[in-house]
Amino acid sequence: MSITLPPELVELVVEHLVGDERTLRSCALVARTWAGAAQRALFRNVVIPATSKQLDRLLSHLTCLPHLQTLFRLVTIQAVPSDSLTSQDAYVSHLTNLLSLLPKVVFIKVDFVDTWWEAPANESFLAVIRNFLHRAPLVGVDIESVYRLNNFQNVFDLFEGTNIKRVSLDSSKDDYEDIVDLGIPVKRLRLPSVECIRFDVGMQQERFHHWLTHHRANFTNLKTVRNRGTRCTGVGKVAGCDV
């Protein structure tokens, strides 16, 4: 005699297994009553593959099973191909096709991890990211190895005109102020949607406050700013604004 668990219990079991992909894949195949919850857990947080074989496989999978396209919520992209992609253009084309299939993503994480993407080679990649950031459901973005974008003008250009509310900027270098221009941007940015910014880029507090003083007018709804965990005084806090 088979026993069917209530959906809420299935959800609890699946949530307990988040991060265990092998077991979640088994759950997705064990019964139809388990498939939905297991698939939601499997595709909620996905690292985009950086090899041609894996990327093609994911594209084919999503094309054949379109219901999976709406399950993606958090997407991580490493801006470096790890082996056999034939060219930079090929990678950008594959990535463009993949992102076009993901209408429900609300948070994206991008890691500019390798010099392969340094200008001018990264322009087409940045265009893909910029277009994706303008999609309405997206509310948060985390950019790592941000020093490879050369200056804050390039960084915040990505967010202009978007609905992004939470921005996190990280760098693996502690001498960030020596390798980027933290001055006043060449043009006035319009970033009314940004409410929360977290910096972890090695800026000294004095330099950080100087930057915020010059740029505060660009962020009309900004309520929380943190530099390596220290919240700026004079900026209101938003509950739950951990980016």
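The values are calculated or read from the model by the stated rules, or taken from the named source; none is laboratory data. Computed from a prediction, not measured in an experiment: that's the story for all the values here. Accessible surface is based on the protein model in full, side chains and every heavy atom, while ligands, DNA and RNA are left aside. Shrake-Rupley method; radii C 1.70, N 1.55, O 1.52, S 1.80 Å.
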Please calculate the 1.4 Å probe accessible area of residue 170, with all protein chains present, and give it to the nearest 10 Å². 20 Å²
With all protein chains present and a 1.4 Å probe, the order of 70, 63 from largest accessible area down is 63, 70
Cα gyration tensor shape of segment 1-82, rounded if a/c is under 1.5, else prolate or oblate by comparing a/b with b/c: prolate
Determine the relative contact order of segment 1-77: mean sequence separation of Cα pairs under 8 Å and six or more apart, normalised by residue count, in whole percent. 27 percent
Sorted by chain and number, the residues with a modelled amide H under 5 Å from that of residue 227, at a separation of 5 or more or across chains, are 199, 232
SASA check, residue 223, accessible area w/ 1.4 Å probe, all protein chains in place, rounded to nearest 10 Å², comes out at 80 Å²
Could you rank 56, 157 by how accessible they are, 1.4 Å probe, largest area first? 56, 157
